[in-house]
Amino acid sequence: MSLSAKQLGEKIGLNAQEMNTLLKEEGYLSGEPGNYNVTATGDSYVSEKSWSNGYGGYAARGYSYSVWDESILDRLDTSNENLKIIREKTSLERKNRRAEKEKRSQEYWQAHSPLYKKNNVNEEQLEISGTELIIGIGIVAGVSYLTYLGYSKIKNMYIKHKHKKEIQSRQD
């Protein structure tokens, strides 16, 4: 029976990412998450499936994925100790990818954001304290309320003026 990495992992208590890490560690895959390649060792256990939404042209959507012969589980080290190591390794890789992505994002914004260039500020300087936030919200609320009162006053003055004109025009 052919199973995806997710389905294989479910059989031994791993998620899809962890299963791919195990397959890589055992020499059946090479590459990185999102860009794995099957090695010569893995060729005899894997086949490729494709999915398509059936549309052509601009609306066409589809992808290919690998499915593994279930017998590969007999060839892998699925001991509790090894599975624990695989989970930890996958978690660490995930954290490292997130940190690298955050670093690239900060470098991008430092290079392209007028705030960073003009004031040469860093992320800590852009943070707002709770007190500053409350004061800012209070100011916005106060200005909004005063604007509402001013609008109401002007509206009432207009209505009174209009009413006076009507009364004068009736008297004339």
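Some points to look at:
- Flag for residue 70 being touching a residue at least 24 places away in the same chain (Cβ under 8 Å), among the acidic types (Asp, Glu) and farther than 20 Å from residue 11 by Cα: no
- Looking only at the stretch 53-110, and only at residues there that are of a type in the set (S, T, N, Q) and part of a strand (DSSP E or B), the one that is most open to solvent (accessible area, probe 1.4 Å): 64
- Count of residues meeting criterion [open to solvent by less than 70 Å² (accessible area, probe 1.4 Å) and part of a helix (DSSP H, G or I)] in the stretch 1-42: 12
- Tally, over the stretch 1-19, of residues that are closer than 18 Å to residue 45 by Cα and of a type in the set (S, T, N, Q): 3
- The requirement of being in contact (Cβ under 8 Å) with a residue 60 or more places away in the chain and either farther than 14 Å from residue 83 by Cβ or touching a Gly at 6+ places or on another chain (Cβ under 7 Å) (or both) is satisfied by residue 4.
The values are calculated or read from the model by the stated rules, or taken from the named source; none is laboratory data. In this text the structure is predicted, and so the values were computed from the model without any measurement. Note that we place each Cβ from the backbone using ideal geometry, even for glycine, and neighbour counts take in every protein chain shown. Ligands, DNA and RNA are excluded from the accessible area calculation, which covers all protein heavy atoms including side chains. Shrake-Rupley method; radii C 1.70, N 1.55, O 1.52, S 1.80 Å.
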